Amino acid sequence: MARNPERRNLLADAGLRILAAAGARGLTHRAVDAEAGVPTGTASNYFPSRSALLAGLAERIFDRIAPDPAVVADLGRREPSLALFTDYLRDIVARTTREPDLTRALFELRLEAARHPELRAALGDVLRRGYADDVAFHVAAGLPGGAYEIALLHYAVDGLLLDLLTTSIDAGFDPDQVVSTLVSRLVRGADLAP
């Protein structure tokens, strides 16, 4: 199996562009090779099956939208509060909308996973690990709320991102204000949640 991480990332990034632009139907090993500008068969060398390719794309998305350590360090110097929690969430929305094709590709992967059990398992593992990491970070940072509130915010922010990056309901609300309201309404009553 090929071990060049730069080449693997180049191929995964090409696959993400295809997935975002053409959907899962347009994603083939040959299309990835062409998009990446590499010889035919290269993508198959790194991702031997379609399932492996899709799983590799899922991992790459989360690598690319990972938080900037400098931003996390800067936010981490502040006292835990609802305002700090809101700023962490604003950073998440900024990172996931800065390169909209990445988030659109993630939506495509989630839809594809609903139809393919092997991808469902791999992507589910990645998503659950991300959620568990978010909860652990949240607790370690001393932020208000807990696992339930983090889940609620995942559900709400996924909907916000779907609206921002696909066909919108055009309700006319400022996304930054929406983030602030989501945090204040979903976390303020944390002690009342199940």
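For ALA147 and ASP170, a Förster radius of 35 Å and the Cβ-Cβ distance give a FRET efficiency of 0.60, rounded to the nearest 0.05. Remark: region 123-138, residue by residue, has Karplus-estimated 3J(HN,Hα) of 5, x, 4, 5, 5, 5, 5, x, 5, 4, 5, 4, 5, 4, 4, 4 Hz, where x stands for each Gly or Pro and the curve is 6.51 cos²θ - 1.76 cosθ + 1.60 at θ = phi - 60°.
What angle do you read, to the nearest 10 degrees and between 0 and 90, between the alpha-carbon axis of helix 100-115 and the longest principal axis of the chain? The helix 100-115 is inclined about 80 degrees to the chain. Based on protein heavy atoms only, region 72-194 ends up with 57 Å² per residue of surface accessible to a 1.4 Å probe.
Coupling constants for region 79-86 follow from the phi torsions by the Karplus curve (6.51 cos²θ - 1.76 cosθ + 1.60, θ = phi - 60°), and in residue order they are 5, x, 6, 5, 5, 5, 4, 4 Hz; glycine and proline get x. Between region 60-88 and region 109-156, how many Å separate their Cα centres? Centre-to-centre distance over Cα atoms comes out at 16 Å. The mean sequence distance of close C-alpha pairs (under 8 Å, at least 6 residues apart), as a share of the length of the chain, puts its relative contact order at 22 percent.
Solvent-accessible area of THR28, all protein chains in place: 60 Å² (probe radius 1.4 Å, heavy atoms, ligands and nucleic acids excluded). The residue list ALA73, GLY146, SER49 was ranked by how far each Cα lies along the charge dipole of the chain toward its positive end, using unit charges on Cβ atoms, and SER49 comes out on top. Working note: 222 nm ellipticity from helices only, DSSP H runs with n ≥ 4, each -39,500 (n - 2.57), summed and divided by the residues of the chain, gives -24000 deg cm²/dmol to the nearest 500. Expressed as a whole percentage, what fraction of the accessible surface of region 66-191 belongs to carbon and sulfur atoms when a 1.4 Å probe is rolled over the protein heavy atoms? Whole-percent figure for carbon plus sulfur exposure: 58.
Listed values for region 16-29 are Karplus-derived 3J(HN,Hα) couplings in whole Hz (6.51 cos²θ - 1.76 cosθ + 1.60, θ = phi - 60°), namely 5, 5, 5, 4, 5, 7, 10, x, 5, 5, x, 8, 10, 4, and x replaces Gly and Pro. Summing Cβ point charges (Lys, Arg +1; Asp, Glu -1) relative to the Cα centre of region 5-62 gives a dipole of roughly 140 debye. In region 1-64, the alpha-carbon atoms span a convex hull of 73 Å³ per residue. Cα-based radius of gyration for region 66-191, normalised by 2.2 N^0.38 Å, reads 1.09.
The values are calculated or read from the model by the stated rules, or taken from the named source; none is laboratory data. Since this is a predicted model, take the numbers as computed values, not measurements. Note that each Cβ is placed from the backbone with ideal geometry, even for glycine, and that neighbours are counted across all protein chains shown. The area values use the complete protein model at the heavy-atom level, side chains included, leaving out ligands, DNA and RNA. Shrake-Rupley method; radii C 1.70, N 1.55, O 1.52, S 1.80 Å.
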